[in-house]
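Chemist: Got a structure for you, written out below as structure tokens; questions coming shortly.
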Amino acid sequence: MKLRQFLDFLKCSLDPTKEIVLDAAEMDWEGLYRISRMHSILGVVFEGVQRMVEAGDKPPRPMLLRWIAAINAIKEKNQVVNNAAVELSEKLRQDGFESCILKGQGNNLLYPNVYGRVSGDIDVWIRPLHSEAQNVERYQNRIIQYAKGQKPDTYVCYHHLSFNSIDGIEVELHYRPSFMFHPIHNRRLQEWYRVHADRQFQHEVDLPDGVGKVAIPDEEFNQIFQLTHIYNHLLHEGIGLRQVIDYYYLLKSGAHHLSDVERVELRKTLHLLGLEKIAETMMWVLSEGLGLEDEYLIAPKDERRGRVLLYEIMRGGNFGHYDKRNIQANSPLKKNIQRLKRDFRMMRYFPSECLWEPVFRLYHFFWRLKNG
């Protein structure tokens with residue numbers, strides 16, 4: 001399926017006010033399904049397919065049944081993850097920690113169909129109860145020891161560690177929501193997280209079907225946090241459309257409410273944290289690739305970097321799993337070589353993070369020796 005045809009259909013799937021100009025006979029259904037699965041956005045694209053069905057313009061029956069089966073599986077998985085998120089939050093509270101569910105089930109609430117987003121594992125930001133405004137270093141070791149007591153073989157890294165799965169759903173505990181490679185930008189980012197932390201742990205929402213409440217980040221926090229998440233994965237192994245669509249719905253839900261003063265302050269924050277270039281890059285992809293209207297954009301559009309990002313997204317698929325340039329890194333040496341190659345390839349577009357990534361990796365090696 002041609003990229004332009006796919007993106008045109010995706011725009012219509014994201015925005016029901018846009019008319020679908022292709023008919024079923026013209027559609028490359030296998031291509032549409034394959035690319036949607038590659039990016040873990042079958043549920044999103046099915047919104048457009050469903051509109052065609054409702055208009056009487058149906059895809060071939062075997063394809064429609066295949067898609068419906070996938071949608072039912074996505075919904076069932078989301079229901080399992082919703083219950084697991086509530087169960088995890090309650091367990092952590094009983095064990096003396098407050099929690100905030102990152103991405104995942106919180107992002108689902110931004111979608112027109114709360115069961116349409118493909119769910120993954122559970123990432124949860126935690127800190128000891130009554131730890132308001134404290135630096136992470138003051139309680140980081142307590143979280144690490146707690147996790148090791150629950151799961152002795154837990155893998156510890158700079159911002160998160162693995163934890164026991166719940167109902168088959170993998171869990172990662174975060175003491176830092178995310179990080180930057182550049183030391184100054186990272187220090188500023190961690191301080192920004194510290195200043196905004198209290199509100200996130202108190203921002204509770206109801207998950208669908210009355211399964212319970214969990215805390216999730218608010219829109220202001222996610223505009224920064226999810227951008228750092230996209231940036232980090234882009235430079236590590238790749239990023240897919242699922243994460244970009246998360247950001248699409250995030251901005252669509254709140255960015256147009258920003259006043260002129262708030263927009264100026266947000267752009268100052270992006271600059272201070274070293275996120276200005278990736279923000280401008282994302283705005284072009286969201287606008288030209290996904291059809292997001294200018295009123296929702298939080299930064300100017302950078303076409304040169306935007307085209308590079310869109311190419312990387314479409315070539316790599318979800319987290320770069322389909323990128324043939326990514327070798328099977330079954331050893332630390334191969335993994336580091338792969339990252340160096342990616343740094344070299346992306347350096348001309350995002351020099352700050354790419355130049356500091358090898359330095360951060362060396363620092364992280366010694367950090368793990370001390371804390372892991």
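The values are calculated or read from the model by the stated rules, or taken from the named source; none is laboratory data. Note that the structure is predicted; figures quoted are calculated from it, not measured. Every residue, glycine among them, receives a Cβ derived from its backbone with ideal geometry; neighbour counts consider all protein chains shown.
Chemist: Kindly list, by first and then second residue, each pair from a residue in region 202-230 that is at positive phi to a residue that is part of a helix (DSSP H, G or I) and surrounded by fewer than 20 Cβ atoms within 10 Å (Cβ to Cβ), limited to pairs with Cβ atoms under 9 Å and residues at least 6 apart or on different chains.
Modeler: Sorted first by the residue in region 202-230, then by its partner, the pairs are Asp209/Gln79; Gly212/Asn83; Gly212/Val86; Gly212/Glu87; Gly212/Glu90.
Residues are listed down the side, and each one gets a yes or a no for (1) among the basic types (Lys, Arg); (2) in contact with a Cys (Cβ under 9 Å, 6 or more places away or on another chain); (3) more than 29 Å from Gln190 (Cβ to Cβ):
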position: Asn232; (1), (2), (3): no, no, no
position: Leu235; (1), (2), (3): no, yes, no
position: Arg242; (1), (2), (3): yes, no, no
position: Leu275; (1), (2), (3): no, no, no
position: Met283; (1), (2), (3): no, no, no
position: Leu286; (1), (2), (3): no, no, no
position: Arg305; (1), (2), (3): yes, no, no
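Chemist: Could you check region 90-148 and list, in sequence order, the residues that are among the β-branched types (Val, Ile, Thr), under 26 Å from Ile230 (Cβ atoms) and surrounded by fewer than 20 Cβ atoms within 10 Å (Cβ to Cβ)? Spell out how you get there, then give the answer.
Modeler: Of all residues in region 90-148, those among the β-branched types (Val, Ile, Thr) come to 101, 114, 118, 122, 124, 126, 136, 143-144.
Then keep just the ones that are under 26 Å from Ile230 (Cβ atoms); that gives 101, 114, 118, 122, 124, 126, 136, 143.
Once the filter is applied, which keeps residues that are among the β-branched types (Val, Ile, Thr), under 26 Å from Ile230 (Cβ atoms) and surrounded by fewer than 20 Cβ atoms within 10 Å (Cβ to Cβ), region 90-148 yields Val114, Val136.
Chemist: How about region 339-372: which of its residues are in contact (Cβ under 8 Å) with a residue 24 or more places away in the chain, over 16 Å from Met180 (Cβ atoms) and outside any loop (DSSP other than H, G, I, E, B)?
Modeler: Once the filter is applied, which keeps residues that are in contact (Cβ under 8 Å) with a residue 24 or more places away in the chain, over 16 Å from Met180 (Cβ atoms) and outside any loop (DSSP other than H, G, I, E, B), region 339-372 yields Arg342, Arg368, Asn371.
Chemist: Just the residues that are part of a loop (DSSP other than H, G, I, E, B) and of a type in the set (Lys, Arg), please, taken from region 9-64.
Modeler: Of everything in region 9-64, those that are part of a loop (DSSP other than H, G, I, E, B) and of a type in the set (Lys, Arg) turn out to be Lys18, Lys58.
Chemist: So, one more: Take the residues in region 186-221 that are closer than 24 Å to Glu357 by Cβ and not basic (Lys, Arg), then tell me which one is surrounded by the fewest Cβ atoms within 10 Å (Cβ to Cβ). Lay out the reasoning, then the answer.
Modeler: Residues of region 186-221 closer than 24 Å to Glu357 by Cβ: 186-194.
Then drop every residue that is not not basic (Lys, Arg), which leaves 186, 189-193.
Numbers: Asn186: 21, Leu189: 24, Gln190: 19, Glu191: 12, Trp192: 16, Tyr193: 20.
The qualifying residue surrounded by the fewest Cβ atoms within 10 Å (Cβ to Cβ) is Glu191.
Chemist: Under 8 Å between Cβ atoms, at least 6 apart or on separate chains: pull out the pairs that start in region 104-121 with a residue that is on the phi > 0 side of the Ramachandran plot and end on any residue that is of a type in the set (Ser, Thr, Tyr).
Modeler: Gly104/Ser119
Chemist: Scan region 74-91 and tell me whether some residue there is assigned by TED's automatic domain parsing to the domain that holds Asp121 and of a type in the set (Ser, Thr, Tyr).
Modeler: yes
Chemist: In region 160-178, what residues are in contact with a Phe, Trp or Tyr (Cβ under 9 Å, 6 or more places away or on another chain) and either over 16 Å from Tyr231 (Cβ atoms) or buried (at least 19 other Cβ atoms within 10 Å of the Cβ) (or both)?
Modeler: His160, Leu161, Ser162, Glu170, Val171, Glu172, Leu173, His174, Tyr175, Pro177, Ser178
Chemist: For region 284-310, enumerate the residues that are without any contact (Cβ under 8 Å) to a residue 60 or more places away in the chain, over 15 Å from Ile239 (Cβ atoms) and of a type in the set (A, V, I, L, M, F, W, C).
Modeler: Those that are without any contact (Cβ under 8 Å) to a residue 60 or more places away in the chain, over 15 Å from Ile239 (Cβ atoms) and of a type in the set (A, V, I, L, M, F, W, C): Leu292, Leu297, Ala299.
Chemist: Do the conditions hold for Ile313, that is, is it in contact (Cβ under 8 Å) with a residue 12 or more places away in the chain, part of a helix (DSSP H, G or I) and in contact with a helix residue (DSSP H, G or I) (Cβ under 7 Å, 6 or more places away or on another chain)?
Modeler: yes
Chemist: Report every pair of residues separated by at least 6 positions or lying on different chains whose Cβ atoms are under 6 Å apart, first residue within region 78-90 and without any contact (Cβ under 8 Å) to a residue 12 or more places away in the chain and more than 11 Å from Ile101 (Cα to Cα), second of a type in the set (D, E, K, R) and surrounded by 23 or more Cβ atoms within 10 Å (Cβ to Cβ).
Modeler: Hits for this filter: zero, empty list.
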